[in-house]
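So the structure is just underneath, and the comments pick up after that.
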Amino acid sequence: MKYFTQFESRELGQELIDLALLYKNQPRLDQAKGQGKRVGCIFLNPSLRTRVSTQIAAQNLGMEAIVLNMDKEGWALEMKEGAIMNKGTVEHIKDAAGVLGSYFDILAIRAFPSLSNREEDINDFVFGQFVKYSGIPVVSLESAIRHPLQSLADQITIQEFSKGKKKPKVVLTWAPHIKAIPHAVANSFAEWTLGMGHDLTITHPEGYELDERFTAGASIEYNQEKALKDADFVYVKNWSAFNDYGKILSTDSSWMLTEKHLKSSPEAKVMHCLPVRRNLELSDEMLDGNRSLVQKQAENRIYAAQAVLSKILG
Ligand code: CP
C-alpha cells in the first residue's frame with residue numbers, strides 16, 4: 001500500500017481493522033518495523049486527535065514522527081500551477097512537497113476545504129498537489145472531502161460493539177452547528193460504512209444532501225424519528241450544504257440528539273468524531289451517558305493510524 005486516502009475494498013478494510021485490533025492488544029508488537037523511518041505530519045489546519053494519535057502510532061512502530069503546523073509555522077504556500085508569485089504566497093507546493101518528500105519515508109497531510117471553491121474542493125486539489133509533488137507514500141489526515149483515518153477508527157469501534165451482528169443498522173444524523181463545517185467526516189463515514197457492508201440510513205433536513213459519490217446505496221430519510229428507529233449505531237455530525245455549497249441552511253435545535261430521540265432504539269450506541277460542541281450538536285445527556293462511544297472512537301484513532309503506517313511500511 002502506497003497511499004491511504006480513501007476506502008479501497010472490504011477486504012483491505014477488514015485487514016486494517018484486524019491489524020488495528022491486534023495492535024490494540026499489543027501496541028509494541030512491531031516496534032522494530034519502523035526503526036530508522038520517519039513520518040512527516042503536515043497540518044494546514046488545527047487538530048488534537050489526529051496529530052497526537054498519529055504520533056503515538058508512529059512511536060509504537062519505532063518510527064520518528066515530525067509535526068509541522070504549516071498554517072502557523074511554515075511559509076505561505078502557492079498551490080496554482082504557473083502562478084506569478086507576486087502576492088502573499090512565498091513558496092510553491094512543487095518545491096515544498098519535493099523537499100518534504102526527500103526528508104521523510106511517509107508524508108501525512110491535513111488539508112481542509114475552502115468551502116468557497118466547490119470545484120477545487122471536490123477534486124481534493126490541495127491534498128492532490130502534495131501527493132503529486134512529494135513522490136513518497138501519503139496518508140490523509142483529513143482532506144477536503146475525506147477523513148479515512150477517522151472512518152477506519154469508526155469501523156473498528158462498530159465492529160467492537162456490534163455484538164456479532166453481521167449487518168448492524170447504522171444511522172448518520174445531521175446535527176445543528178453555528179459554523180459552516182466540511183463534508184469530509186460524513187462523506188468518509190458513509191463511504192466506509194457502505195463499503196464494509198453495513199445498512200446505512202442518512203437523515204438530515206432537506207437541502208443537506210451529501211455528494212452522491214459517497215452516499216449511493218444508503219437510504220436517505222428526511223424524518224429523523226423514522227430514520228432512528230431500531231438503530232444499532234447513531235453517528236452524529238454536522239455538515240454544511242453541498243448543493244448550495246458551504247451554506248448553513250438550518251440551525252434547527254430539534255435535530256440535536258437527546259435520549260428522547262432514541263426511545264425507539266433501545267440498543268443504539270452514539271458516535272461522534274470529536275471535537276463536539278456540547279448542547280448544540282449533541283446533548284451532555286448523550287455524551288456522558290452509557291450509549292456514548294466517543295472516547296472509544298478517539299482511542300481507536302491510535303490503532304487505526306498504527307495499522308495504516310504498518311501496512312505502508314510493508
Ligand atoms: N476527529 C478528529 O479528526 O479530531 P481532530 O480534528 O482533533 O484531529
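The values are calculated or read from the model by the stated rules, or taken from the named source; none is laboratory data. Keep in mind the model is a prediction, meaning the values are calculated, not measured. Ideal geometry is used to build each Cβ from the backbone, glycine not excepted, and the neighbour counts take in all protein chains shown.
Only one residue in ASN243, ASN238 is in contact (Cβ under 8 Å) with a residue 24 or more places away in the chain, of a type outside the set (Phe, Trp, Tyr) and buried (at least 23 other Cβ atoms within 10 Å of the Cβ), so which one is that?
The conditions single out ASN238.
Selection of first residues in region 273-302 that are closer than 21 Å to ARG146 by Cβ and of second residues that are modelled with pLDDT under 95 and within 15 Å of the ligand (Cβ to nearest atom), restricted to Cβ pairs under 6 Å at least 6 apart or on distinct chains, gives an empty result.
Filtering region 31-49 to residues that are in contact with a strand residue (DSSP E or B) (Cβ under 9 Å, 6 or more places away or on another chain) and either within 12 Å of the ligand (Cβ to nearest atom) or assigned to a loop (DSSP other than H, G, I, E, B) (or both) leaves GLY34, GLY36, LYS37, CYS41, PHE43, LEU44, ASN45, PRO46, SER47.
Annotation note: of ALA180, ALA186, the sole residue that is crowded, with 20+ Cβ neighbours inside 10 Å and either at pLDDT 95 or above or out of contact with any helix residue (DSSP H, G or I) (no Cβ under 8 Å at 6 or more places or on another chain) (or both) is ALA186. Could you say whether any residue in region 51-73 is over 20 Å from the mean Cα position of the chain (by Cα), modelled with pLDDT under 95 and over 30 Å from GLY197 (Cβ atoms)? Yes; the residues of region 51-73 include at least one that is over 20 Å from the mean Cα position of the chain (by Cα), modelled with pLDDT under 95 and over 30 Å from GLY197 (Cβ atoms). The helices (runs of 4 or more DSSP H) falling completely within region 94-194 that include 1 or more residues that are touching a strand residue (DSSP E or B) at 6+ places or on another chain (Cβ under 9 Å), within 14 Å of the ligand (Cβ to nearest atom) and within 22 Å of THR215 (Cα to Cα) map to 148-161.
If you go through region 50-62 and keep only what is surrounded by 20 or more Cβ atoms within 10 Å (Cβ to Cβ) and either within 11 Å of the ligand (Cβ to nearest atom) or assigned to a loop (DSSP other than H, G, I, E, B) (or both), you end up with THR50, SER53, THR54, LEU61.
From the list GLU120, GLU142, pick out the single residue that is among the charged types (D, E, K, R), surrounded by fewer than 23 Cβ atoms within 10 Å (Cβ to Cβ) and within 24 Å of PHE242 (Cβ to Cβ). Spell out how you get there, then give the answer.
On the way: GLU142 fails: surrounded by fewer than 23 Cβ atoms within 10 Å (Cβ to Cβ).
It is GLU120.
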